[in-house]
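The values are calculated or read from the model by the stated rules, or taken from the named source; none is laboratory data. No experiment lies behind these values; they were computed from the predicted model shown. So basically every Cβ, Gly included, is an ideal-geometry build from the backbone, and we count neighbours across all protein chains shown.
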Amino acid sequence: MTSVFTFGAGVQWFDAYEAVQQHNRIIVGAASESVGAAGGWFAGGGHSAIAPNYGLGTPNPSVGTKSYSPVVL
Amino acid sequence: MTADGNHVIANPYSNQDLFWALRGGGGGTWGVVTSVTYKTHPSTPFSSASIFVNSTNANSTQNLLTEIIRLTPSLVEQGYGGYGGGSTEQIQLFVISPNVTAEQTQATFLPLFEFAASQPGLSVENSTTVYQDFWTWYRSLFTNSGDQVGITAEISSWLLPKDTIETDKPEDLAAELLKISGVFGY
């Protein structure tokens with residue numbers, strides 16, 4: 001099973017990171033806390049401090065399987 | 001939401017061309033993204049290193065930036081990523097990696113810290129720390145303060161291939177970055 005998170009437009013990275021950590025997961029995301037987690041960040045390439053290990057934001061939206069349990073924030 | 005008013009799903013199975021274009025194609029270019037589903041990864045500790053420098057000596061600033069650039073390919077190979085930048089008066093760099101121990105981080109950065117301390121006109125603060133998870137590191141740097149966000153600036157960006165740094169002289173790249181008026185990011 002792949003653990004994924006679905007963020008609606010308007011969710012900001014500070015809140016996204018906190019929600020993901022509550023599930024003991026990490027996510028490739030932006031630096032500044034008020035950047036939107038759904039939208040321009042990954043559309044601009046998706047740089048992240050953890051990109052050298054997990055890839056840029058651009059490949060991370062790809063949900064490669066249909067057997068997942070999304071958590072909607 | 002596409003320009004024709006349709007709310008569609010873009011993923012590897014449907015609207016593949018839109019999905020491909022959205023990932024790096026620029027904000028708002030292909031429609032309005034109303035939600036995104038992201039892959040996540042298991043939580044893990046992160047080792048961090050940071051250096052903050054105020055400078056009254058432009059040569060020392062350039063020398064330090066040269067050393068940071070020279071170190072960058074090996075940092076990326078060790079899994080470090082993060083943020084840095086500055087100007088002739090100030091340099092900062094803060095990075096994290098999930099794959100290294102505290103001892104390894106100290107060993108990797110000690111030469112850089114010692115170099116900074118050896119340069120005239122630099123006031124240096126540096127540290128290495130292990131954080132129990134990404135969120136703990138993130139909260140140490142960022143707050144959800146609700147302060148004004150955004151600044152008036154012209155921005156541009158380049159991805160620098162490893163070969164470019166290794167083949168070209170790091171000191172030349174440092175000199176070019178420091179010619180940028182205002183503040184550069186690295």
Scope the stretch B:30-54; condition at pLDDT below 95 and β-branched (Val, Ile, Thr); matching residues: B:Val32, B:Val33, B:Thr34, B:Val36, B:Thr37, B:Thr40
Pair list, Cβ < 9 Å and 6+ apart or interchain, from the stretch B:160-186 residues that are of a type in the set (Val, Ile, Thr) to residues that are assigned to a helix (DSSP H, G or I): B:Thr164/B:Leu173; B:Ile165/B:Ile69; B:Ile165/B:Arg70; B:Ile165/B:Thr72; B:Ile165/B:Pro73; B:Ile165/B:Leu173
Lone unmet requirement of (1) at pLDDT 95 or above; (2) in contact with a helix residue (DSSP H, G or I) (Cβ under 8 Å, 6 or more places away or on another chain) for B:Phe113: (2)
Qualifying positions in the stretch B:1-18 - of a type in the set (A, V, I, L, M, F, W, C) and either at the interface with another protein chain (Cβ under 7 Å from one of its Cβ atoms) or surrounded by 18 or more Cβ atoms within 10 Å (Cβ to Cβ) (or both): B:Ala10
Residue that is surrounded by the fewest Cβ atoms within 10 Å (Cβ to Cβ) [pool: residues in the stretch A:1-31 that are at the interface with chain B (Cβ under 7 Å from one of its Cβ atoms), among the polar types (S, T, N, Q) and on the phi < 0 side of the Ramachandran plot]: A:Thr2
Sole exception among (1) out of contact with any Gly (no Cβ under 9 Å at 6 or more places or on another chain); (2) closer than 22 Å to B:Glu176 by Cα; (3) at pLDDT 95 or above; (4) not basic (Lys, Arg) for B:Asn57, by number: (1)
Test for B:Asp133: is it farther than 29 Å from B:Asn63 by Cα and surrounded by 12 or more Cβ atoms within 10 Å (Cβ to Cβ): yes
Any strands (runs of 3 or more DSSP E) falling wholly within the stretch B:81-186 and containing at least 1 residues that are within 11 Å of chain A (Cβ to nearest Cβ): B:81-87, B:90-97
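Here is a yes/no grid of residues against (1) surrounded by fewer than 17 Cβ atoms within 10 Å (Cβ to Cβ); (2) assigned to a helix (DSSP H, G or I):
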{"residue": "B:Val33", "(1), (2)": "no, no"}
{"residue": "B:Tyr38", "(1), (2)": "no, no"}
{"residue": "B:Thr44", "(1), (2)": "yes, no"}
{"residue": "B:Ser48", "(1), (2)": "no, no"}
{"residue": "B:Ile51", "(1), (2)": "no, no"}
{"residue": "B:Asn54", "(1), (2)": "yes, no"}
{"residue": "B:Thr66", "(1), (2)": "no, yes"}
Within the stretch B:72-115, tally of residues that are of a type in the set (Val, Ile, Thr) and under 22 Å from B:Leu159 (Cβ atoms): 5
